[in-house]
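Worksheet for the structure shown next.
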Amino acid sequence: MRHLLTGFEFSQDEYLDILETASAMKKDPAKYRATLQGRSGAIMFEKPSLRTRTTFELAFYRLGGHGVYLDLQNGELGKRETIADYSRNLCRWVDCLVGRVFAQSTLEELAKYGSVPVVNALSDLYHPAQAMADYLTIKEHLGKIEGVKVAYVGDGNNVTNSLFVAGAILGANVTCFCPENRSPDAAVFIKANEIAKQHGCVLNVENDISKLKDFDVIYTDTWVSMGDNTPLEAVKKVYMPYQVNQNLVDKSGAKIVMHCLPAHRGYEITDEVMDGSKSVVFDEAENRLHIHMAVLAKLINA
Ligand code: CP
Ligand code: NVA
């Protein structure tokens with residue numbers, strides 16, 4: 001049985017296979033209508049979501065299966081009963097658990113005590129299916145992933161970690177430009193960097209935003225992630241030099257601009273860039289659906 005907990009679980013061939021399957025499903029969805037017939041999943045979210053929730057539910061539906069949404073926004077997992085018992089219950093009914101959680105350890109526990117695949121739909125540390133959709137989007141727009149130069153600009157967070165992991169596995173060069181003390185997770189970086197070395201690509205963390213030149217892709221995300229109640233205004237001064245505005249995009253040479261969304265217009269990205277000709281943010285959002293279909297098919301039908 002396989003899980004998608006961190007993104008480290010899959011080889012380059014498996015990533016490429018997921019991306020190819022997603023493309024095929026995007027092209028001809030009717031062909032896959034019975035792929036998960038009679039199968040179901042529990043979709044458990046401790047945090048809000050537009051894209052991830054909608055696309056996981058639709059992914060089950062489009063493959064002939066059913067996703068049951070469990071709203072946990074009024075309480076974290078493990079409060080009403082233990083996570084272990086929660087998992088043991090659900091596994092008697094469904095074929096997969098999809099979880100958006102505060103703590104990565106919650107997903108690890110669901111997997112430990114359950115008997116079905118667990119999919120990470122965002123945790124404090126990773127957003128692995130997001131990264132898969134992101135690299136599919138890069139492939140569609142730039143024709144390749146290997147050797148592509150990606151600049152992530154802003155707060156080093158769960159999305160950054162997953163861009164590093166998937167980038168290293170797929171052979172992309174990824175640099176995170178962020179303020180000091182806002183770097184992505186050091187342990188994830190070290191592990192991803194080992195894989196990058198094997199695949200001939202380079203990962204970097206850089207504070208000096210003036211070095212943002214000669215990149216193919218600019219990627220940004222919110223300066224304050226879910227679970228952190230700091231108002232955006234309070235961090236504005238620290239992050240403003242890293243705002244993805246037209247000047248920054250022009251200097252970078254980037255061909256496309258990406259954002260996992262939701263966007264905070266006027267903060268990490270300006271209207272001009274978000275609505276500009278290089279923005280592929282809604283292609284990226286669309287690809288969440290196709291990737292989720294491919295991931296669920298792979299894990300549930302394994
Ligand atoms: N990008 C993303 O995960 O969006 P949601 O938080 O709306 O699911
Ligand atoms: N880093 C953001 C991503 C939202 C999709 C968060 O965790 O809130």
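Coordinate-derived values only; no laboratory data. What you see is a predicted model; the values in this text were computed from it and never measured. Cβ atoms come from the backbone with ideal geometry, glycine included; neighbour counts cover every protein chain shown.
Per-residue packing, averaged as other Cβ atoms within 10 Å, sorts the ranges 96-108, 238-250 into the order 96-108, 238-250, beginning with the highest. Per residue, the average separation of C-alpha pairs within less than 8 Å and at least 6 apart gives the stretch 1-142 a relative contact order of 28 percent. With the charge dipole of the stretch 67-213 set up from +1 on Lys and Arg Cβ and -1 on Asp and Glu Cβ about the Cα centre, the Cα lying farthest toward the positive end among the listed residues Gly171, Ala103, Tyr152 is that of Gly171. Here is how the number arises for the chain: DSSP H runs of 4 or more residues each give -39500 (n - 2.57), the sum is divided by the residue count, and the result at 222 nm is -13000 deg cm²/dmol. Of the residues Asn245, Cys260, His292, the one whose Cα sits farthest towards the positive end of the charge dipole of the stretch 238-302 is His292 (charges of +1 on Lys and Arg Cβ, -1 on Asp and Glu Cβ, taken about the Cα centre).
Among 153-165, 194-206, sorting by the average number of other beta carbon atoms lying within 10 angstrom of each residue, highest first, gives 153-165, 194-206. For the listed peptides 253-262, 228-237, a ranking on the average number of other beta carbons within 10 Å per residue, highest first, reads 253-262, 228-237. Computed over the chain, relative contact order equals 20 percent, with contacts defined as Cα pairs under 8 Å that lie 6+ residues apart.
Across the stretch 159-302, the mean sequence separation of Cα contacts (distance under 8 Å, 6 or more residues apart), normalised by length, yields a relative contact order of 21 percent.
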